[in-house]
Amino acid sequence: MINSRKETVKLLCKTFSEESYSNILLDSVLSSPEMTIQDRKFITTLYYGVLEKKITLDYIISLYSSRKPSKLDKTVLNILRTGIYQIKYMDSVPDNAAVNETVKLARGFRVASASGFINAVLRNFIRGGAEYSEPSDEEQKLSVKYSVEPDIIKLVSDGYGKEFADAFFEHSLEKSPVYVRFNRAAADEEEFFRALGKTGACRFDMLPDCYILSSGNLTGTEAFRKGYFHVQDISSQFACAALNPKENDTVLDLCSAPGGKTFTMAQMMKGTGRVLAFDLHAHRASLIREGAERLGLKNVTALQGDALVHNPELEGADKVLCDVPCSGLGVIRKKPEIRYKKTDDFSELCDIQFRILQNAASYLRKGGELVYSTCTLNRMENDDIIDRFLAENSEFEGVSFLENSGKPFGSYKAVLGAFGPDSDGFFISKIRRK
């Protein structure tokens with residue numbers, strides 16, 4: 001019989017010690033045939049909950065413990081985190097059950113000597129009304145509220161303003177909507193809805209063929225198997241709309257995997273022209289090919305290629321999409337481990353991003369257009385890259401896009417994730433070779 005709480009603590013210990021991707025670790029555990037639906041749901045809720053609230057939970061522990069969280073045994077700390085989370089955030093778990101089952105974990109992990117300590121911390125928290133007093137320091141207060149490293153909050157706030165940062169981090173605590181792009185070439189809307197089965201869908205009016213789906217096993221639906229849609233956040237769909245490829249264009253997608261933007265652009269071109277999609281790794285390029293085949297997109301060619309290395313055969317392109325590797329701050333509600341990144345490493349990315357942009361722009365014909373995008377909210381990786389490029393390359397100019405879509409659009413740069421449509425944090429800029 002599966003002990004869901006024990007499996008969750010084991011996952012947390014691996015996540016925080018190995019710095020592995022949470023979704024990969026979780027999938028490896030949930031794939032066990034012994035798991036019931038209830039086990040999978042409980043583990044997923046508790047695991048992602050603790051990941052998303054780690055700083056908040058550690059602050060609470062510090063208030064009710066005689067020892068600082070940093071001084072605790074890592075297994076004991078993760079056991080405490082799961083107990084505090086159940087008491088504070090899981091209404092379906094009675095407080096007594098949360099305490100008793102959490103204390104039992106100490107024996108299961110051979111840290112039985114900590115049982116009394118764990119019990120005392122959890123019961124003191126309950127006696128305190130399962131509440132905590134906020135820190136007096138403003139930066140620490142926001143860090144505890146949003147469970148994000150203070151340096152990350154400061155980075156976003158300094159770059160785009162406190163109001164933007166507050167709105168974005170508030171959104172980061174909410175569940176992310178699931179957006180998909182309907183493949184009109186494969187079915188009509190009635191067939192699409194019928195094949196989705198119990199998975200409901202509603203149209204997102206700001207973008208053509210964009211739908212919001214209710215949660216569920218989307219890849220298990222008949223609609224997915226028949227290639228009626230692919231999953232893609234609206235931020236990425238807006239990047240494609242900004243580039244606006246036309247029929248018979250030659251389009252380069254230089255950092256393409258997993259391929260969502262490639263697929264959307266190919267559909268916008270109604271099966272005509274060419275979309276050449278590249279990824280540094282051959283196995284990821286093959287995933288793009290498989291996705292294009294499922295969707296019936298014959299105008300997609302997926303290839304292995306390095307976006308930093310110039311390929312003269314690609315010169316003369318009509319459109320180029322340059323969605324560069326980045327720090328990923330914009331997707332923290334989907335990848336909670338990003339909340340705890342150290343900002344010291346981000347500057348190294350900027351050199352790579354600028355070199356990719358320079359190489360990408362060299363492929364454009366005169367009058368050709370390029371969209372540079374990231375899923376981060378670090379101004380150094382966004383506005384500063386574009387501003388530097390335009391300052392050093394006088395034959396290029398910024399081009400406004402999506403002027404009729406309201407804020408944050410209407411200029412040659414747009415930052416999503418706080419105001420306007422409910423999307424990931426995302427930066428989009430459009431330039432043209434004169």
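The values are calculated or read from the model by the stated rules, or taken from the named source; none is laboratory data. Small disclaimer: the values here were computed from a predicted structure and weren't measured. Note that we place each Cβ from the backbone using ideal geometry, even for glycine, and neighbour counts take in every protein chain shown. Accessible surface is based on the protein model in full, side chains and every heavy atom, while ligands, DNA and RNA are left aside. Shrake-Rupley method; radii C 1.70, N 1.55, O 1.52, S 1.80 Å.
Once R0 is set to 35 Å, what does the formula 1/(1 + (r/R0)^6) return for the Cβ-Cβ distance between residue 287 and residue 419, expressed as a FRET efficiency to the nearest 0.05? Once rounded, the FRET efficiency stands at 0.55. Just want to confirm a number: the relative contact order over the chain, from Cα pairs under 8 angstrom separated by 6+ residues, in percent. Worked out over the chain, it gives 12 percent. Maximal additional length on extending the residue 162-residue 91 stretch stands at 22.3 nm, based on 0.36 nm per residue less the C-alpha distance.
DSSP bridge analysis restricted to the chain gives an antiparallel fraction near 55%, rounded to the nearest 5.
About the Cα centre of segment 51-169, how large is the charge dipole given +1 on each Lys and Arg Cβ and -1 on each Asp and Glu Cβ? Please answer in debye to the nearest 20.
Numbers: 17 positive and 16 negative charges, 165 e Å.
The calculated dipole for segment 51-169 is roughly 800 debye.
Using a Förster radius of 56 Å, what is the FRET efficiency between residue 244 and residue 2 based on their Cβ-Cβ separation? Nearest 0.05, please. Efficiency, from the Cβ-Cβ distance: 0.65.
Cβ-Cβ distance of residue 315 and residue 13, R₀ of 56 Å, FRET efficiency by 1/(1 + (r/R0)^6): the value works out to about 0.65. If the cut-off is 13 Å between C-alpha atoms, which aspartates and glutamates fall inside it for residue 430, apart from same-chain ones fewer than 8 positions away? Within the straight-line limit of under 13 Å, residue 430 reaches these aspartates and glutamates: 323, 369, 383, 387, 397, 403. For the peptides 324-332, 94-102, 400-408, the ranking by packing is 324-332, 94-102, 400-408, with the highest mean count of neighbouring Cβ atoms within 10 Å listed first.
How many lysine pairs are close in segment 1-75, with Cα atoms under 15 Å apart and the two 8 or more places apart or on different chains? Here the count comes out as 8. Dipole magnitude for segment 112-251: about 640 debye, using +1 per Lys or Arg Cβ and -1 per Asp or Glu Cβ, origin at the Cα centre.
When the helices of the chain are scored as -39500 (n - 2.57) per DSSP H run of n ≥ 4 and the total is divided over every residue, the value at 222 nm lands at -14000 deg cm²/dmol. Placing +1 on the Cβ of every Lys and Arg and -1 on the Cβ of every Asp and Glu, with no other charges, gives the chain a dipole of roughly 1260 debye about its Cα centre.
Projecting each Cα onto the charge dipole of the chain (Lys/Arg +1, Asp/Glu -1 at the beta carbon, about the Cα centre), which of 155, 142, 419 comes out farthest on the positive side? Going by the Cα projections, it comes out as 142.
For every other residue with a beta carbon closer than 14 angstrom to the beta carbon of residue 217, add +1 if it is Lys or Arg and -1 if Asp or Glu, then tell me the sum.
+2
Each Cα pair under 8 Å and six or more residues apart adds its sequence gap; the mean of these over the residue count of segment 261-355 is a relative contact order of 23 percent. Projecting label points 7 angstrom from Cα along Cα→Cβ for residue 399 and residue 270 puts them 2.0 nm apart.
So, counting K/R as plus one and D/E as minus one, what does the shell of residues with Cβ under 10 Å around residue 55 add up to? Summing Lys and Arg as +1 and Asp and Glu as -1 gives +1. When the Cα positions of 92, 285, 263 are compared along the charge dipole of the chain, 92 comes out farthest toward the positive end, with charges on each C-beta of Lys, Arg, Asp and Glu.
Residue order by solvent-accessible surface for 62, 373 is 62, 373, largest first, with ligands and nucleic acids left out and a 1.4 Å probe.
Taking a straight line from the alpha carbon of residue 434, these lysines sit under 17 Å away, with near neighbours fewer than eight places off in the same chain left out: 319, 366. Excluding same-chain neighbours fewer than eight residues apart, the lysines reachable from residue 298 by a Cα-Cα span under 18 Å are 226, 246, 261, 270.
Per residue, the average separation of C-alpha pairs within less than 8 Å and at least 6 apart gives segment 200-292 a relative contact order of 21 percent. In terms of accessible area, using a 1.4 Å probe and ignoring ligands and nucleic acids, 268, 206, 1, 35 rank largest first as 1, 206, 268, 35.
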